[in-house]
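The values are calculated or read from the model by the stated rules, or taken from the named source; none is laboratory data. Everything numeric in this text was worked out from a predicted model, so none of it was measured. Note that we place each Cβ from the backbone using ideal geometry, even for glycine, and neighbour counts take in every protein chain shown. The accessibility values were calculated without ligands, DNA or RNA, using every heavy atom of the protein model including side chains. Shrake-Rupley method; radii C 1.70, N 1.55, O 1.52, S 1.80 Å.
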Amino acid sequence: MRTQVAIIGAGPSGLLLGQLLHKAGIANVIIERQSPDYVLGRIRAGILEQTTVDMLHEAGMGERVQAEGVVHHSIELVFSGVRHAIDVHGLTGGKVVTAYGQTEVTRDLMDARNAAGLTTVYEASQVAVHDFDSNSPRVTYQKDGQTHTLDCDFIAGCDGFHGVCRASVPEGAVTEYEKVYPFGWLGVLADVPPVSPHSIVYGNSERGFSLCSMRSLTRSRYYVQCPMDDKVEAWSDQRFWDELRSRLDPALAERIVTGPTLEKSIAPLRSFVAEPMRFGRMFLAGDAAHIVPPTGAKGLNLAASDVKYLSGALIEFYAEKSAAGIDTYSQRALARIWKAERFSWWLTSLMHKFPDTGAFGQRMQEAELEYLVNSTAASTVLAENYVGLPLDWGH
Ligand code: RFL
Ligand code: PHB
């Protein structure tokens, strides 16, 4: 088989890239390790920046997010048992974020890809990338007991943090920066009305971080900080609801509607960046190149902005025979990534209980939070980062 761009991974990065390239007349094939149901079953991100929503429109699939996404004008911060609103919309000159699940984004992209009749190979094993330092790279994989080869002009590594693309780069050609946090997030999904349907609530408490989010007006997504080696089995639904309530202000705690959980999982928290993001004719995009702790809601949005830069660069290459875009892809993407890394690290540091900072650390966080909610300057810093910095900002 031959194509122009071989995309490894059918997560949001790979699917969105495939759609934008297809719209520009560039042939692409996606090779994915898992089944479609498995990919759709992963409950992850929930908050989209406007830039991400705009890209879904550009990819021709903005209808559902427009109809079903819930626009948020503010976020709320709980600390010292009191809740404070940050008017994100007012502080950013009218910008908003949209609550719309990654599962739905993925479903929309898969449907659009199927409707366009584009090839996606699911449940491919032994995926390997070859010769990306030459002009004729190749991907090999096994499917139904046979080995297949996909010849291409470019490889897009959209295969997430544990993918094969970054791992195939020769040692010494890539520099990795990493910070692992000493805790995780226990998340639950439940078909109960969200306690705060018009703003995400981020909670700092002496018992640890908590987050109240949503997937729709009838489906809630909640998280509590937990020890990194904690086990889901140790958390009955009742224990989760009690812990969540204990970390919120009394008025909100009382309003929480509980119910059986549909999903419960623990995610580790990590900051990670790999530089560069281009290796000859192979590019990395999304979680394959970088991870942020989810506190700033930036992971999926960064994946989308990488794809915006990468699709533009490839379209320019084919349309104008110019390598200018692909030559600057890594630098442009990383400029945005590092700012989102900083924001995610800062908000994580401000909101979580750290095992080694004790009561002094807690007081420092409370003092900073009080400053944050009372200073327009400080609130603006939070708001403008939360809605997402403009693409190519500062260049
Ligand atoms: P994905 O989604 O991991 O997809 C990669 C795909 O590649 C496949 N794959 C392979 N395929 C073929 N061969 C191989 N060798 C392969 N190895 C892997 C995988 O099966 C998979 O299908 O990466 P992508 O597309 O870059 O998308 C990134 C996002 O998924 C991620 O950044 C976000 O989910 C992060 N995130 C959040 N981001 C936000 O913008 N807003 C949020 O509110 C938000 N909340 C979150 C989050 C992530 C979380 N977890 C669980 C890490 C909340 C949580 C709890
Ligand atoms: C989510 O809805 O899953 C979510 C929302 C905001 C975050 C992280 C996750 O910062």
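See the values below:
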item: Per residue solvent-accessible surface (Å²) - the stretch 1-77, probe of 1.4 Å; result: 39 Å²
item: Share of carbon and sulfur in the accessible heavy-atom surface of the chain [1.4 Å probe, %]; result: 51 percent
item: For the stretch 1-112, Kirkwood radius (reciprocal of mean inverse C-alpha pair distance, Å); result: 15.8 Å
item: Proximal lysines relative to residue 143, as straight alpha-carbon distance under 24 Å, when same-chain residues fewer than 8 apart are discounted; result: none
item: Rounded accessible area per residue of the stretch 180-264, 1.4 Å, Å²; result: 41 Å²
item: Amide proton proximity set for residue 184, modelled H, under 5 Å, gap of 5+; result: 226, 228
item: Max mean-square fluctuation residue, GNM over the chain, Cα-Cα springs under 10 Å, options 197, 294, 250; result: 250
item: Mean separation of Cα contacts under 8 Å, 6 or more apart, over the residue count of the stretch 32-147: relative contact order %; result: 30 percent
item: Once the Cα gyration tensor of the stretch 62-117 is diagonalised, semi-axes √(5λ) in Å; result: 33, 14, 7
item: Spherically averaged projected area of the stretch 113-272 from its Cα convex hull (nm²); result: 14.2 nm²
item: Size descriptor, Kirkwood hydrodynamic radius, that averages inverse alpha-carbon separations across the stretch 210-263, Å; result: 12.0 Å
item: Charged-residue dipole, Cβ positions (Lys, Arg, Asp, Glu), the chain about Cα centre, Debye nearest 20; result: 140 debye
item: Loop-located chymotrypsin sites (Phe, Trp or Tyr not before Pro) in the stretch 316-395, at most 11 other Cβ atoms within 10 Å (DSSP); result: 393
item: Cα gyration tensor shape of the stretch 1-62, rounded if a/c is under 1.5, else prolate or oblate by comparing a/b with b/c; result: oblate
item: Histogram of C-alpha separations across the chain, 20 Å bin width, %; result: 28, 56, 16, 0
item: Length released on extending from residue 119 to residue 23, taking residue separation times 0.36 nm less the Cα-Cα span; result: 33.1 nm
item: For the stretch 342-386, accessible area per residue (1.4 Å probe, heavy atoms of protein chains only), Å²; result: 51 Å²
item: Radius 13 Å from Cβ of residue 390, net charge of other residues (Lys, Arg +1; Asp, Glu -1); result: +1
item: Exposed-site-free run, longest, the chain (rule: trypsin sites (Lys or Arg not before Pro); DSSP loop; at most 10 other C-beta within 10 Å); result: 1-230
item: Computed label-point distance, nm, for sites residue 144 and residue 360 using a 7 Å Cα→Cβ extension; result: 6.6 nm
item: Overall form of the stretch 248-395 per C-alpha gyration tensor (a/c, 1.5; a/b vs b/c); result: prolate
item: For the chain, share of DSSP beta bridges that run antiparallel, in % to the nearest 5; result: 75 percent
item: Kyte-Doolittle mean at least 1.6 and Cα axial length at least 18 Å: DSSP H helices in the chain; result: none
